[in-house]
Ligand SMILES: [Zn+2]
């Protein structure tokens, strides 16, 4: 008897911090039944719940070491393979971030026949990002961490009702420092994708409001 194969679509949203990819991902989750994974949130959850991954993470952080690509990638693969809903598309927000993570993740994709992997690269001018991030507020609930802007005029998270806070790293000088670092690893990663012929779909979203970014994404991806 033939088994019906379910293809799982995985998108890697790649772009500078504050490019609006997280906001787009949130819309796709709430309106189109997508699932989203932010590696930052996943790390914080593992540490808070003191899982085996969390203890390893904590060890590296306490010793002031970088978190190895293999550990981050293992956590992401663990998350993907333990999702019970096998049909809704997954967005990896900001993963793979390095060439090392991409190599390990593409090896997993290759071994997993029912996975369709796409990289979406978001292009936004730095000045637009600085402006956007300095207006950002995030949900204080670690399990939620939805983000909003001060222009939304809301005082609590619309998803879980928790308080909203400003992130320490959304201050302008921190944002500019992160934007300076971004091209350093982005170039290496994009060159690697080129070498292994992994298609990278570019999304030029300069000047687009979040709702237009959402519509643009659906059009580009023919969804
Ligand atoms: Zn929330």
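Each reported figure results from applying straightforward, stated rules to the coordinates on display, with no laboratory input. Computed from a predicted structure; not experimentally measured. No Cβ is skipped: glycine too gets one built from the backbone with ideal geometry, and neighbour counts run over all protein chains shown.
Structure values in brief
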quantity	calculated
Segment 1-100 - convex hull of the alpha-carbon atoms, volume per residue in Å³	134 Å³
Relative contact order (%) - criterion: Cα under 8 Å, at least six apart; region: the chain	28 percent
Distance (nanometres) between label positions extended 7 Å along Cα→Cβ at residue 7 and residue 160	3.4 nm
Average silhouette area of the chain, convex hull of alpha-carbon atoms, in square nanometres	13.6 nm²
Gaussian network model of the chain, springs between alpha carbon atoms under 10 Å - residue of 33, 41, 151 with greatest fluctuation	151
Simple spin-label estimate for residue 74 and residue 44 in nanometres, 7 Å along Cα-Cβ	2.4 nm
Space enclosed by the convex hull of the alpha-carbon atoms of segment 184-223, per residue, Å³	80 Å³
Projected area averaged over orientations for segment 155-223, convex hull of C-alpha atoms, nm²	7.5 nm²
Euclidean distance of C-alpha centroids, segment 40-115 and segment 140-169, integer Å	24 Å
Ellipticity estimate at 222 nm from DSSP helix runs (n ≥ 4, -39,500 (n - 2.57)) divided over the chain, nearest 500	-15000 deg cm²/dmol
